[in-house]
Amino acid sequence: MITRYQVQEIYEQPFMNLLYEAATIHRAHHDPTKIQLCQLENIKSGRCPEDCKYCPQSAHYDTGIEEYGLETVQAVREAALAAREAGATRLCMGAAWRGPKNDRDFDRVVEMVREVRSLGMEACVTLGLLNEQQAQRLAEAGLTAYNHNLDTSPEFYSEIITTRKFEDRLATIAHVRNAGITVCSGGIIGMGEAREDRIGLLHSLATLDPPPESVPINLLVPVEGTPLEHSAPVDPLELVRCVATARILMPTSRVRLSAGRMSMSQELQAMCFFAGANSIFSGAKLLTTPNPGSTDAALLATLGMEPEAL
Ligand code: SAM
Ligand code: DTB
Ligand code: SF4
């Protein structure tokens, strides 16, 4: 198993060597001209009991977002069809829950998974903490992936979230894994963490056994009303180092350049793709914040890249 010190050595090597190593590994395992488009759908918005300091959907902060209860299966079907039409091959459905209860709402999410799968798309959900039985039911419905981010290093975790523990996250990931669902897990940079925490996050992800098939790297979207609203912007090259290190540590996984692209230049995004990122979110909105979906076709064309087909 790779040590944290070895991860640090990869991360902190001269930038050009890091980029070259990551791009070389990327090309050995993936077509560098292809990128997967995924569409997010916020199936239940706001009033979440957790206190994640970055999150506009936490009930602990006043952010003025639109709040609503669980969407209908029909609404999700329509969102999936529109996303598929626009070139997305995966629908990622997020609910602002600490975790599902065993109630009609959860039954409905299971139906949503079946519906999205029946359209030939990959289905991913992120519902917070799960128990074994819930993971099993999602697996039976054909769920492709479960998103559950570690978000930051074990040491920094309690600075960001106090209503659950890093270990709770690991337990849910184990239930997902045991149910035979693929794991999507990554984190956020730009929350005031030190480089050491970014290295700790990447080490935690890479030493999951097996590592996640999908690794979202989010750049914090600072939202008014959240405690991280005034977080100092992180050096963009740190983002590139994170993407490159994730690619080297997890050669076959999909590395996703996730939230935060509104504040990234096209050159920075191109550098992340070169360093191994091979998925982005499509569309004009993430869960509650804007996304530069309307300019992505032009960006990809400029770079000679193409969305992956279904
Ligand atoms: N409630 C579920 C959970 O936390 O597992 C699922 C939804 S939650 C919004 C999914 C992920 O979105 C979080 O783990 C976090 O990584 C990311 N996220 C939330 N707010 C963000 C922000 N302002 N900037 C960047 N990423 C964010
Ligand atoms: C992930 O890592 N990023 C996505 C998805 N998984 C669920 C969510 C990003 C949310 C950004 C803030 C918002 O729009 O509310
Ligand atoms: Fe936001 Fe998810 Fe945390 Fe709830 S658990 S506050 S939805 S990140």
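The values are calculated or read from the model by the stated rules, or taken from the named source; none is laboratory data. Just so it is clear, the structure is predicted and the values come from calculations on it, not from any experiment. Cβ sites come from the backbone with ideal geometry, for glycine too, and all protein chains shown count toward neighbours. Just so you know, the surface numbers come from the protein's heavy atoms only, side chains and all, with ligands and any DNA or RNA stripped out. Shrake-Rupley method; radii C 1.70, N 1.55, O 1.52, S 1.80 Å.
Which ones in the range 274-287 are open to solvent by less than 10 Å² (accessible area, probe 1.4 Å) and either under 14 Å from His30 (Cα atoms) or in a helix (DSSP H, G or I) (or both)? Give the derivation first.
If we filter the range 274-287 for residues that are open to solvent by less than 10 Å² (accessible area, probe 1.4 Å), which is where we start, we get 275-280.
Answer for the range 274-287, where residues must be open to solvent by less than 10 Å² (accessible area, probe 1.4 Å) and either under 14 Å from His30 (Cα atoms) or in a helix (DSSP H, G or I) (or both): Ala275, Gly276, Ala277, Asn278, Ser279.
Can you name every one of the strands (runs of 3 or more DSSP E) wholly within the range 120-207 that holds 3 or more residues which are over 18 Å from Arg108 (Cα atoms) and within 16 Å of ligand 3 (Cβ to nearest atom)?
Numbers: elements: 122-126, 145-147, 182-184, 187-189.
Per the criteria, 187-189.
If you scan the range 207-234, which residues turn out to be near ligand 1 (Cβ under 10 Å from one of its atoms) and either among the basic types (Lys, Arg) or within 22 Å of Cys124 (Cα to Cα) (or both)? Explain how you work it out, then say what you get.
Initial filter on the range 207-234 (near ligand 1 (Cβ under 10 Å from one of its atoms)): 216-223, 226, 228-229, 231.
Once the filter is applied, which keeps residues that are near ligand 1 (Cβ under 10 Å from one of its atoms) and either among the basic types (Lys, Arg) or within 22 Å of Cys124 (Cα to Cα) (or both), the range 207-234 yields Pro216, Ile217, Asn218, Leu219, Leu220, Val221.
Pick from Tyr54, Tyr68, Tyr61, Tyr11: which is of a type in the set (Phe, Trp, Tyr) and away from ligand 1 (no atom under 16 Å from the Cβ)? It would help to see each step written out before you state the result.
Working: Tyr54 fails: away from ligand 1 (no atom under 16 Å from the Cβ); Tyr68 fails: away from ligand 1 (no atom under 16 Å from the Cβ); Tyr61 fails: away from ligand 1 (no atom under 16 Å from the Cβ).
Among Tyr54, Tyr68, Tyr61, Tyr11, only Tyr11 is of a type in the set (Phe, Trp, Tyr) and away from ligand 1 (no atom under 16 Å from the Cβ).
Criterion first (closer than 22 Å to Ile43 by Cβ and either open to solvent by less than 40 Å² (accessible area, probe 1.4 Å) or more than 16 Å from ligand 1 (Cβ to nearest atom) (or both)) does Ser258 satisfy it? Working first, answer last.
On the way: closer than 22 Å to Ile43 by Cβ: yes; either open to solvent by less than 40 Å² (accessible area, probe 1.4 Å) or more than 16 Å from ligand 1 (Cβ to nearest atom) (or both): yes.
Criteria met by Ser258.
May I ask you to verify whether Thr207 is open to solvent by 30 Å² or more (accessible area, probe 1.4 Å) and over 29 Å from Thr72 (Cβ atoms)?
Working: open to solvent by 30 Å² or more (accessible area, probe 1.4 Å): yes; over 29 Å from Thr72 (Cβ atoms): yes.
Criteria met by Thr207.
Could you list all residues from the range 1-37 that are among the polar types (S, T, N, Q) and outside any helix (DSSP H, G or I)?
Selection gives Thr3, Gln13, Thr33, Gln36.
Quick check: is even one residue across the range 235-253 closer than 25 Å to Glu85 by Cα and of a type in the set (A, V, I, L, M)? Show your work before the answer.
First, pick out the residues of the range 235-253 that are closer than 25 Å to Glu85 by Cα: none.
Looking through the range 235-253, none of the residues is closer than 25 Å to Glu85 by Cα and of a type in the set (A, V, I, L, M).
Mind telling me which of the residues Glu12, Glu41 ends up being at negative phi and open to solvent by 70 Å² or more (accessible area, probe 1.4 Å)?
Values: Glu41 fails: open to solvent by 70 Å² or more (accessible area, probe 1.4 Å).
Answer to the check: Glu12.
Take the residues of the range 44-53 that are charged (D, E, K, R) and within 8 Å of ligand 3 (Cβ to nearest atom): which is least open to solvent (accessible area, probe 1.4 Å)?
In the first step, residues of the range 44-53 are kept if they are charged (D, E, K, R); the result is 44, 47, 50-51, 53.
Checking which are within 8 Å of ligand 3 (Cβ to nearest atom) leaves us with 50-51.
Working: Glu50: 6, Asp51: 22 Å².
Among those that are charged (D, E, K, R) and within 8 Å of ligand 3 (Cβ to nearest atom), it is Glu50.
Please identify the pairs in which a residue from the range 155-171 that is over 13 Å from Glu193 (Cβ atoms) has its Cβ atom under 7 Å from the Cβ atom of a residue that is away from ligand 1 (no atom under 12 Å from the Cβ) and open to solvent by 50 Å² or more (accessible area, probe 1.4 Å), counting only partners at least 6 apart or on another chain.
From the range 155-171, the pairs are Phe166/Pro154.
Being more than 12 Å from ligand 2 (Cβ to nearest atom), of a type outside the set (Ser, Thr, Tyr) and open to solvent by 60 Å² or more (accessible area, probe 1.4 Å) is the filter here, so list the residues in the range 54-80 that pass it.
The answer is Ala59, His60, Asp62, Gly64, Glu67, Gln74, Arg77, Glu78.
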